[in-house]
Amino acid sequence: MKPAPSASTDAGKRKTTLLLAGLAMGMFAFGFAMVPLYNLLCQATGVQSISLRSDAGPAGRIATGVESRREVVVKFDTSVHPNLPWEFEAVEHRLMVTPGKMYSVVFKAKNRSSSEVVGQAIPSIVPWQATPYFNKLECFCFNRQILEGGESADMPLRFIVSPDLPEGINSLTLAYSFLKLDASDANTGSIQLSSATAAKSDSPKGKLHVSKGT
């Protein structure tokens, strides 16, 4: 006959259950906090946030237009937050580029739900030392993206890797994490549309689509 569980054992199990539940809730809440935290990090480090990128034209982000003779591998990584019912991936996952030369790539997104959803892409560069040398001329991450239920969209990126990229960096990864925005996030203005990018879009909602020949 097995001895009955003691009160201390039951209390330990309850404590473990509460800790696990609290951890899960904390991780879920962190997903909603990533966008404002990202803007705060940009302010602290001096990196341009999403809301400030519209103030800098392409000429201000390109260190030099001189092409170098070296080649650099650029990898593209994507992830989607669990509460965003989208599929999101790069058409090309790896590209060999020449610093100083402009390149265009396309990412594809699809809303798997039956209702309209607003998303925001948060970019990051690895290694972080390469961040100032990766110049985005056009990017879907400049503005929030709206997809109707079941809708698919092409999301273009045009970029230049600066010839001033340190010689020791021969490979870098551009990663995008797509987050869901609720109504309050989408209307507060904390994430502003890029005026330069929105002007190029044919969509009244600010969605970006690739035009032929780009």
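Read-outs throughout are calculated quantities, based only on the coordinates presented, and are distinct from any laboratory measurement. As the structure is a prediction and not an experimental result, all values here were calculated from the model. Neighbour counts run over all protein chains shown; Cβ positions are idealised from the backbone, glycine included.
When you check residue 130 against the structure, is it of a type in the set (A, V, I, L, M, F, W, C) and more than 26 Å from residue 71 (Cβ to Cβ), yes or no? Explain how you work it out, then say what you get.
Details: of a type in the set (A, V, I, L, M, F, W, C): yes; more than 26 Å from residue 71 (Cβ to Cβ): no.
The answer is no for residue 130.
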Legend entry - Filter pass, residue 101 being in contact (Cβ under 8 Å) with a residue 24 or more places away in the chain and over 18 Å from residue 153 (Cβ atoms): yes
